[in-house]
Amino acid sequence: MLKPKVEKKGPVPPPPDEQEPKADTWTAGQPGEGKVGLSPAFGFKGVCPGPGFAMLAKMVISLALWLQFAAGQNTPERGSQLPISNSQGDLLFLLDSSGSVSYYEFSRVKEFMWDLLRPFSFGPKDVQTSIIHISTTPTMEFPFDQYQSSRTLQQAIQDTQQLMGDTNTGKALSYAKEKLFSNEAGARPGVPKVLVWVTDGFYTDDISGPMQLLKDMGVTVFIVSTGRGNYLELSAAASQPPEKHLHFVDVDDLTIITEELRGAIQDVIQANRLHAVDVTSSSFHLLWPKLLSQETGYYTLEYGPVDDLGRKRTKQVSGAHTDLVLSNLAPETTYEVALIPESNIHYFPPQTTRVTTLPEEISPAQVLISESGPHSFQVSWAPTPESVMGYQVLYGPLPGNSVKLLEVDGQQNGTVVENLAANTTYLVTVTAIYRSGKEKSLSAKACTQEEGSRVRHLRFEDLGPSTLKASWDAADGPVLGYRVRCRRQIGPSSVISVSPQVHSVLLTDLPPGTPTRVCVKPVYRNQPGQGLCRRVHPQPATEALGYKHNPRAWQTLE
């Protein structure tokens, strides 16, 4: 017997002291929110009595922030961050280390830098990073190739000390071009170059010329301004478009832009490497840089599950292509992918990446019944993921134990169930058969209509200038009655209910010369019947003078 699937479905703080004068207060932020508050342990009540107190409070905030930042991995995360691998690029931070930046702001920016870098993988084949101080004389904190692990890089950022001095940003940019983006400083040829300049909006020398030279070298420039700054100058200095490469944000709100900026940097450093987009449970789209042409060679693509490389598959792709969609993959599986450029002119090293497919979508998540008739109805479902090989539709009357089966292709999202009994309730179960062998089912009830539940042969006879007789043939089945609706174009509408033995009604007070719509619908116990409507047009009032019975005086318009 077919059975439906059953789904199992602090204390209030005291009021503020009204005797204390209102003043600026500090509130403790939650861990990871980027706010550090004063607690009773410091001996303060949240009132700011004078400048000396403000300076002391700022020192305490900076100390608390530093302790939180120095805690490293013990600091609570701001959110789940998936590791970012298979990215290769040289990422340079231009750090404002001048006297125009407070110690508190300098500490917040260092924390922001590490949050931005945290998910990346570091090493000679991954991401490398460096820091240049903006001061009276530009200074390199460490070269690109010095720190090749997350732990050592995090410690190096923590140990970075503010230099003070003037804000000679132009000199720092020139220094970056001449010294840092070079083999001497560990920069690698042929990998994307990214510059992230964090500024308070103040600089003392020209930046337009040196910045343009860097962009001419292919460096992608992101600017984060924690002060007001000159929008026109900064938008011209950043890479285009500025809405993607320029951010204005308060130093206490840098976490707001972290994820967006990290994603934009990732787009740049993955542009010249094999990587995947549009990952689903059974497919992903591979992209790679244009290394060959149709005349200079072709690509060999090898891929297989990392835990079973014996199932490795191989495809050959024309040198004119830079992308390929891999499908019919297993869900929740990590694949090792290798792109091998085959060329007789130049040697290109293979590129590799790992991609993990998503879990299978639950299908069907919704089953709909529509277009019900006496002997059929439409069954539809959603979604229709690629990992579904086919669907089975089981249906049978309730109550009863007679069950029939329909098989539907996995690309279809519906079917018509036919040869059913009229006025019967059916239980319908749709089961998705996945390529992995798994099955997911969902059930719904459907009702067929009464046999012959439609009104037929609606007729009219005029009995006067404003009176009409409507009659019809009886509908089939156990009719409980009929409902007649008269919609006048001028004046109120009316509804008349009659017994099942009555098959005609008189309609009065109909305005001559104006169309009137009449509908008759049978009434059943379990469901509404199908009505029949007609529009009639009486003769104008002027023609009704000296009225004589004329069956043609009313015209049936539909």
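List of remarks:
- Subset tally (residues that are modelled with pLDDT of 85 or more, of a type outside the set (A, V, I, L, M) and within 29 Å of Leu287 (Cα to Cα)) for the stretch 84-120: 8
- If you check Gln148, Gln88 for being surrounded by fewer than 18 Cβ atoms within 10 Å (Cβ to Cβ) and not acidic (Asp, Glu), only one passes: Gln148.
- The sole residue among Leu368, Leu339 that is open to solvent by less than 70 Å² (accessible area, probe 1.4 Å) and modelled with pLDDT of 85 or more is Leu339.
- Residue match in the stretch 391-408 (condition: under 27 Å from the mean Cα position of the chain (by Cα) and on the phi < 0 side of the Ramachandran plot): no
Table: residues versus (1) in a loop (DSSP other than H, G, I, E, B); (2) at pLDDT below 90; (3) surrounded by fewer than 16 Cβ atoms within 10 Å (Cβ to Cβ); (4) touching a His at 6+ places or on another chain (Cβ under 8 Å).
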| site | (1), (2), (3), (4) |
| --- | --- |
| Gln378 | no, no, yes, no |
| Trp381 | no, no, no, no |
| Thr384 | yes, yes, no, no |
| Gly390 | no, no, yes, no |
| Val408 | no, no, no, no |
| Gln411 | yes, yes, yes, no |
| Tyr426 | no, no, no, no |
| Thr429 | no, no, no, no |
| Ala444 | no, no, no, no |
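- Among residues of the stretch 200-224 being touching a Gly at 6+ places or on another chain (Cβ under 6 Å) and assigned to a loop (DSSP other than H, G, I, E, B), the one that is most open to solvent (accessible area, probe 1.4 Å) is Asp206.
- Across the stretch 446-473, the qualifying residues are those that are open to solvent by less than 30 Å² (accessible area, probe 1.4 Å) and of a type in the set (Gly, Ala, Ser), and the one among them that is farthest from Val498 (Cα to Cα) is Ala446.
- Residue ID - surrounded by the fewest Cβ atoms within 10 Å (Cβ to Cβ), chosen from residues in the stretch 414-423 that are of a type outside the set (A, V, I, L, M) and at pLDDT 90 or above: Asn419
- Whenever a residue of the stretch 173-186 is at pLDDT 75 or above, its partners that are of a type in the set (Phe, Trp, Tyr), lying with C-beta atoms within less than 6 angstrom and at least six residues away or across chains, give the pairs Ala185/Phe144; Gly186/Phe144.
- A residue that is on the phi < 0 side of the Ramachandran plot, open to solvent by less than 10 Å² (accessible area, probe 1.4 Å) and aromatic (Phe, Trp, Tyr) cannot be found anywhere in the stretch 170-180.
- Complete set of residues in the stretch 462-493 that are farther than 11 Å from Pro522 by Cα and assigned to a loop (DSSP other than H, G, I, E, B): Pro465, Ser466, Gln489, Ile490, Gly491, Pro492, Ser493
- Among the candidates Pro119, Pro138, Pro143, residue that is touching a Lys or Arg at 6+ places or on another chain (Cβ under 6 Å) and open to solvent by less than 40 Å² (accessible area, probe 1.4 Å): Pro138
- Some residue of the stretch 225-235 being of a type in the set (Ser, Thr, Tyr), part of a loop (DSSP other than H, G, I, E, B) and closer than 18 Å to Leu324 by Cα: no
- Here Arg483 qualifies as modelled with pLDDT of 85 or more and among the basic types (Lys, Arg).
- Filter pass, His346 being within 30 Å of Glu418 (Cβ to Cβ) and assigned to a loop (DSSP other than H, G, I, E, B): no
- Members of the stretch 290-323 found to be over 17 Å from Val355 (Cβ atoms), open to solvent by 60 Å² or more (accessible area, probe 1.4 Å) and outside any strand (DSSP E or B), listed by number: Lys290, Gln294, Glu295, Gly310, His321
- Here is the figure for the stretch 227-247: residues that are of a type outside the set (Gly, Ala, Ser) and within 17 Å of Leu195 (Cβ to Cβ) total 9.
- Residues satisfying the stated conditions in the stretch 213-234, i.e. farther than 20 Å from Phe93 by Cβ and not charged (D, E, K, R): Asn230, Tyr231, Leu232
- Answer residue from the stretch 494-523, given it is hydrophobic (A, V, I, L, M, F, W, C) and not in a strand (DSSP E or B) and is surrounded by the fewest Cβ atoms within 10 Å (Cβ to Cβ) among those: Val502
- Scanning the stretch 392-406 for residues that are open to solvent by 60 Å² or more (accessible area, probe 1.4 Å) and outside any loop (DSSP other than H, G, I, E, B) yields Gln392, Lys404, Leu405.
The values are calculated or read from the model by the stated rules, or taken from the named source; none is laboratory data. Owing to the predicted nature of the structure, the values given are computational and were not obtained by experimental measurement. Every residue, glycine as well, gets a Cβ built from its backbone with ideal geometry; the counts of neighbours run over all protein chains shown. The accessibility values were calculated without ligands, DNA or RNA, using every heavy atom of the protein model including side chains. Shrake-Rupley method; radii C 1.70, N 1.55, O 1.52, S 1.80 Å.
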